Ligand SMILES: *[C@@H]1O[C@H](CO)[C@@H](O)[C@H](O)[C@H]1NC(C)=O
Ligand SMILES: *[C@@H]1O[C@H](CO)[C@@H](O)[C@H](O)[C@H]1NC(C)=O
């Protein structure tokens, strides 16, 4: 057996930093000082050094970093148990590219915001009213991809160029107290497709206490299971959405709870969209204690006819919506809006349970189809 000292000398000879290469689980009885080094707080003021040294620190403070244009603040592949703290104002240089501006992956990662911090996506430089449909190529904001058993808390985000948090292939991830304020993008309708939280292929996601002002979905679940959105406030956007579901590699949505939230000044309140001629399933979805006000298109909209981002008017049955519970979904829409619109294929919406659903102020739809029993449209 090679002694620890010999191994250490050998590694040093190879130019390898023992502190960052020693697996966490390996006992190292003769090197207490080195073990202590592993509990190091590193403060970085530039993105490149943070990216380079990220696996040598147990706590990483990202202090007032100006991320250079066309580069990602790369916090992927962090050591298990790393804490990352955003401090001061984080900004991003301008370039037409698809991003992301920030990316995280790892297990048991805690991402936090220090008091008074702002992550300023600097979106106005890209905003042209076209979002991801054209015009300037805009960077995605934050990839929370392959984060396991992790938390993101108290981040204060402003002005994302286009979509905000992309949660994909994540398991057991909790996002608490996230503020996203893209309301500057309301000016001349320049901000567009600024979804707050997009979720795909993820399990065990909880978003609580989000405060969102944006111009697209407050929440969009494209696929995933065991997802909770609670205590959220959504304003200016397109509402609390499931979908569109279908046409991707993962087209299953199940065990979703969206509760105790308000949607104001938005196009829609509650929305479920599935894709025309696609396959998949939406099951066991609950919207509970949702309050709507000043909704401009639909208070509640559920439709199985989407194609290329637009409704076709013709529903198909390949993505059934089953076990849909609405409990205490209440509020008002503007007079030009429609209270409730349901467009289902034949027998592709079933086992719905609605109670205390009351949407008022707008028009009654005359175009609803195949509405399940016990539900009125
Ligand atoms: C339905 O989803 C909820 C989460 O919203 C979960 O607690 C419950 O167990 C699910 N029910 C079934 C039958 O899977
Ligand atoms: C209603 O919401 C729209 C955005 O959909 C907004 O422009 C308008 O100012 C809001 N009205 C009130 C009274 O807040």
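Starting from the Cα-Cα distance between residue 120 and residue 94, subtract it from 0.36 nm times their residue separation and give me the gain in nm to one decimal. Spell out each step's value before the answer.
Values: separation 26, 0.36 × 26 = 9.36 nm, distance 1.22 nm.
Fully extending the segment from residue 120 to residue 94 adds 8.1 nm.
Given a Förster distance of 45 Å, report the FRET efficiency between residue 355 and residue 307 from their Cβ-Cβ distance, rounded to the nearest 0.05.
Working: r = 33 Å, r/R0 = 0.72.
According to the calculation, E is roughly 0.90.
For helix 4-13, report the angle its Cα long axis makes with the longest principal axis of the Cα atoms of the chain; keep it between 0 and 90° and round to the nearest 10°.
80
Would you mind calculating the relative contact order of segment 63-360 from Cα pairs under 8 angstrom and at least 6 residues apart, reporting the percent as a whole number? Let's see the in-between values first.
Numbers: 1011 pairs, mean separation 30.3, N = 298.
Over segment 63-360, the number comes to 10 percent.
Add -39500 (n - 2.57) for each DSSP H run of 4 or more in the chain, then divide by its residues: what number comes out at 222 nm, to the nearest 500 deg cm²/dmol? Working shown, then result.
Values: 4 runs with 27 residues, N = 377.
Only helices count here, giving -2000 deg cm²/dmol.
Of 366, 328, how do they rank once you tally other Cβ atoms within 10 Å and put the fewest first?
Working: 366 8, 328 15.
Neighbour counts put them in this order, fewest first: 366, 328.
Within segment 283-312, what residues put their amide N at less than 20 Å from the label point 7 Å along the Cα-to-Cβ vector of residue 346?
Only 303-306, 312 pass the distance filter.
Simple spin-label model, 7 Å along Cα-to-Cβ: residue 76 to residue 373 in nm?
Here the modelled spin labels are 5.2 nm apart.
How do 364, 228, 338 rank when sorted from fewest to most other Cβ atoms within 10 Å of their own Cβ?
Working: 364 11, 228 17, 338 22.
Taking fewest neighbouring Cβ atoms as first place, the list is 364, 228, 338.
At residue 363 and residue 286, where each label point lies 7 Å from the Cα along Cα→Cβ, what is the point-to-point distance in nanometres?
Each label point lies 7 Å from its Cα, and together they span 3.5 nm.
Return the single residue from 42, 349, 57 with maximal mean-square fluctuation; model: Gaussian network over the chain, springs between Cα atoms under 10 Å.
Answer for the Gaussian network model of the chain: 42.
Tell me, in nm to one decimal, what length is gained between residue 279 and residue 130 on full extension, where the rule is 0.36 nm per residue of separation less the Cα-Cα distance? List each step's numbers first, then the result.
Details: separation 149, 0.36 × 149 = 53.64 nm, distance 2.92 nm.
Taking residue 279 through residue 130 to full extension adds about 50.7 nm, to one decimal.
If you average the alpha carbon positions of segment 72-109 and of segment 168-190, how far apart do those two centres end up, in angstrom?
Centre-to-centre (Cα) distance: 15 Å.
Give, in nm to one decimal, the length gained when the segment between residue 42 and residue 327 is fully stretched (0.36 nm per residue of separation minus the Cα-Cα distance). Kindly include the intermediate steps, with their values, before the conclusion.
Values: separation 285, 0.36 × 285 = 102.60 nm, distance 4.77 nm.
Value of the extension gain: 97.8 nm.
Between residue 69 and residue 317, what is the FRET efficiency for a Förster distance of 56 Å, r being their Cβ-Cβ separation, to the nearest 0.05? Intermediate values should be presented prior to the final figure.
Details: r = 47 Å, r/R0 = 0.84.
Result of the calculation: an efficiency of 0.75.
Give me the percent of DSSP beta bridges within segment 63-360 that run antiparallel, rounded to the nearest 5.
On the way: 2 of 119 bridges.
If we restrict to bridges inside segment 63-360, about 0 percent are antiparallel.
Coordinate-derived values only; no laboratory data. Because the structure is predicted, anything quoted here is derived from the model rather than measured. FYI the Cβ positions are ideal-geometry reconstructions off the backbone, even for glycines, and counts take in every protein chain you see.
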